[in-house]
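Below you'll find the structure, written out as structure tokens, and then a few comments.
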Amino acid sequence: VPDFKPAGGEYFDYWGALTMGITLLSLLVGLTMGQRLGFGTTPVIALLVSSLVFLVIFITLELRVDQPMLDLRLFKSTLFSVSLATGFIVFICLAGSLLLVPFYAENVLGFNPQQTGLLMAVVPVALGIVAPISGNLSDRYGSRPITVAGLAMMTVGFFLVSRLNANTPVWEYVLRFLPVGIGMGVFQSPNNSAIMGAAPRSRLGIASGMLSVTRTLGQTTGIAILGALWAGQVFKHVGSVLPGGATTAPVAAQVAGLQTTFLLVSVLIFLALLLSIWGLREAQKAT
């Protein structure tokens, strides 16, 4: 990484930070409370509406400030916008999926916490092995083709995961989740590189901050939305809302809810794949 010293002389955007903080706080608290109280309740609706209102205020402020906390002009870059959007989708899907795996492993397959932890290690271990290789390939051939390959592998992997059932053996579980971990490893490093590479030098700090917010917000949103979706599907197959929650439902209902949720995840990753392919074509045209 070359040594680059910023020109300096900038001031901090306090109003932008305040309105963005309220926006994210309202959204995350609303999504969290929605799982417990229901997304149609007054407090949850008020929080989500508050998040939307302050988001509009935040964007309005950022367009008028000379040195904004979030420089919206960065989104004029197709590579930057596509990379940030696909990363957000991937973090939603991955975080929500990892939330559901322990319920499946313990409630359906009957594993203890230690065995469940070993099963969950499939994705991060595969990611850790593949990510350095992927980063090296992206330096040689460009980031966008590598991210497309990673998203394609993740699409296949999540579709295979959506076929898990109550009788799935351990080896089959590993083989179904392995493409997810490999695909994530192939995707993540080049995509992060593409985001930072598309930002001008004077905005590298802002781009890095946006990358962090996208990851954290995607993970929190994925846990809330996919967790709520799984519980809703379980209750739908049971026929009523269970006082003890979705984890007390019969195994068949939990598996059916899991399959539907992972099928939706595979669709979301496929949409991210199409978006990434479009970004690749736009980048090729520009070149």
Quiz prompt | Normalised alpha carbon radius of gyration of the stretch 165-284 [divisor 2.2 N^0.38 Å] | solution = 1.38
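Which value in Å is the Kirkwood Rh of the stretch 112-169 over different Cα pairs?
Numbers: mean 1/r = 0.0741 Å⁻¹.
After inverting the mean inverse Cα-Cα distance, the result is 13.5 Å.
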Quiz item: Leaving out ligands, DNA and RNA, what percent of the accessible area of the chain is carbon and sulfur, probe 1.4 Å?
Solution: 68 percent
Exercise. Do me a favour and compute the ellipsoid semi-axes for the chain from its Cα gyration tensor, root of five times each eigenvalue, largest one first, whole Å.
Key: 35, 26, 15
Quiz prompt | In degrees, nearest ten, helix 170-198 long axis to first principal axis of the chain (Cα) | solution = 10 degrees
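For the stretch 237-277, what value does the Rg/Rh ratio take when both radii are computed over Cα atoms and Rh is the Kirkwood radius, given to two decimals? Working shown, then result.
Values: Rg = 14.5 Å, Rh = 11.9 Å.
Value, to two decimals: 1.22.
Any idea what % of Cα-Cα pairs in the stretch 97-249 are farther than 20 Å? Walk me through the numbers before you get to the answer.
Values: 6890 of 11628 pairs.
Percent of Cα pairs beyond 20 Å in the stretch 97-249: 59.
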Practice problem: List the longest stretch of the chain that has no exposed loop site; here a site is one of the chymotrypsin sites (Phe, Trp or Tyr not before Pro) assigned by DSSP to anything other than H, G, I, E or B, with at most 10 other Cβ within 10 Å. | Solution: 13-287
Quiz item: Once the Cα gyration tensor of the stretch 46-164 is found, what semi-axes does its equivalent ellipsoid get, as square roots of 5 times the eigenvalues, in whole Å, sorted largest first?
Solution: 35, 24, 12
Quiz item: Counting pairs of alpha carbon atoms under 8 Å apart in space and at least six apart in sequence, what relative contact order in percent does the chain give?
Solution: 26 percent
Quiz prompt | Helix 251-286 vs. the chain, principal-axis angle (Cα, 0 to 90°, nearest 10) | solution = 20 degrees
Quiz item: Principal axis lengths of the stretch 1-106 from Cα atoms, whole Å, largest first?
Solution: 54, 36, 22
Quiz prompt | Estimated distance in nm for a label pair at Arg140 and Leu72, the labels positioned 7 Å out from Cα along Cα-to-Cβ | solution = 4.2 nm
Quiz item: In the stretch 83-191, what trypsin sites (Lys or Arg not before Pro) fall in a loop by DSSP, with at most 12 other Cβ atoms inside 10 Å?
Solution: Arg163
Self-check item: Cα-projected label distance for Val125 with Ile206, points at 7 Å along beta-carbon direction, nm
Solution: 4.3 nm
Exercise. Find the accessible area per residue for the stretch 72-226; the probe is 1.4 Å, ligands and nucleic acids are left out, and the unit is Å².
Key: 42 Å²
Practice problem: Starting from the coordinates of the alpha-carbon atoms of the stretch 199-262, obtain the Kirkwood hydrodynamic radius over all distinct pairs and give the value in Å to one decimal. | Solution: 13.8 Å
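Thinking of the stretch 49-99 as a set of Cα atoms, what percent of all their pairs are more than 16 Å apart? It would help to have the intermediate numbers written out before the result.
Values: 775 of 1275 pairs.
Percent of Cα pairs beyond 16 Å in the stretch 49-99: 61.
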Practice problem: Enter the mean projected area of the convex hull around the alpha-carbon atoms of the stretch 154-218, in nm², rounded to one decimal. | Solution: 5.4 nm²
Quiz prompt | Nitroxide proxy distance, nm - points 7 Å out along Cα→Cβ at Asn165 and Val29 | solution = 4.6 nm
Practice problem: Calculate the length of the line joining the C-alpha centroid of the stretch 52-72 to that of the stretch 229-271, in whole Å. | Solution: 38 Å
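The values are calculated or read from the model by the stated rules, or taken from the named source; none is laboratory data. These figures come from a predicted structure and were not determined experimentally. Positions of Cβ are backbone-derived with ideal geometry, glycine not excepted, and every protein chain shown enters the neighbour counts. What goes into the accessible areas is simple: the full protein's heavy atoms, side chains included, and nothing from ligands, DNA or RNA. Shrake-Rupley method; radii C 1.70, N 1.55, O 1.52, S 1.80 Å.
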